[in-house]
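All remarks here apply to the structure that follows.
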Amino acid sequence: MSVDLPLDPLPDDVVSVVKEHIERRLGRPFSALRDEAGTANAPDSETVRVVREYTELAAAEEALEAREEELLSLILASPGVFTDEHLAAAQAVNNAVTYRDARVATVVHAVLLHPLAPQAPARTAQAAAKARPHQTTSTRSTSTSPTTPSAAASTGPSARRR
């Protein structure tokens, strides 16, 4: 029995989907983001982070595809026979998928779920916190004696029922 597997990458692979989300979220093409991150004139740290995370995701996807090609070539070289080499190659694919999925989760969490626009509430709160002068914190001592369970119980709702 022969299985015909297409070797062409799917047009909607996870990397291109993430890239589309980044472009939509930031409102400009990824090539412009990459150019902006590569300039020497103090690029926006968020743009640098977006480009770095996406680049690491793309590298993880390339590594996964290489492991899949290795496994496929082993399977095609000896159809129906599975050796320790086949199992090791399959495990390498599994590990590459896990790593790629972790990179996707990182990009989605760190880049897509958090506000990136300069006017976003989190960004303006961070800027305001940086602009405030450092305030001294109170060093007032508070009681460090632990509350005993009997003391806590005598003031609770059950103490009023007694």
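Identify all residues within region 37-58 that are touching a helix residue (DSSP H, G or I) at 6+ places or on another chain (Cβ under 6 Å) and without any contact (Cβ under 8 Å) to a residue 12 or more places away in the chain; write none if there are none.
P43, V48
May I ask you to verify whether V97 is among the β-branched types (V, I, T) and at pLDDT below 90?
no
Looking only at region 23-47, count every residue that is closer than 14 Å to V107 by Cβ, among the aliphatic types (A, V, I, L, M) and modelled with pLDDT under 85 and tell me the total.
1
Under the condition of being within 13 Å of the chain's Cα centre (by Cα) and within 21 Å of T98 (Cβ to Cβ), which residue from region 15-57 is surrounded by the most Cβ atoms within 10 Å (Cβ to Cβ)?
Filtering region 15-57 for residues that are within 13 Å of the chain's Cα centre (by Cα) and within 21 Å of T98 (Cβ to Cβ), the one surrounded by the most Cβ atoms within 10 Å (Cβ to Cβ) comes out as L57.
Quick one: P9 ticks every box in (1) out of contact with any Lys or Arg (no Cβ under 9 Å at 6 or more places or on another chain); (2) at pLDDT 85 or above; (3) not small (G, A, S) except a single one, so which number is it?
So the condition that P9 fails would be (2).
The values are calculated or read from the model by the stated rules, or taken from the named source; none is laboratory data. Every value quoted in this text rests on a predicted model; they were computed, and no experiment measured them. When we count neighbours, we look across all protein chains shown, and the Cβ atoms used for this are built from the backbone with ideal geometry, even at glycine.
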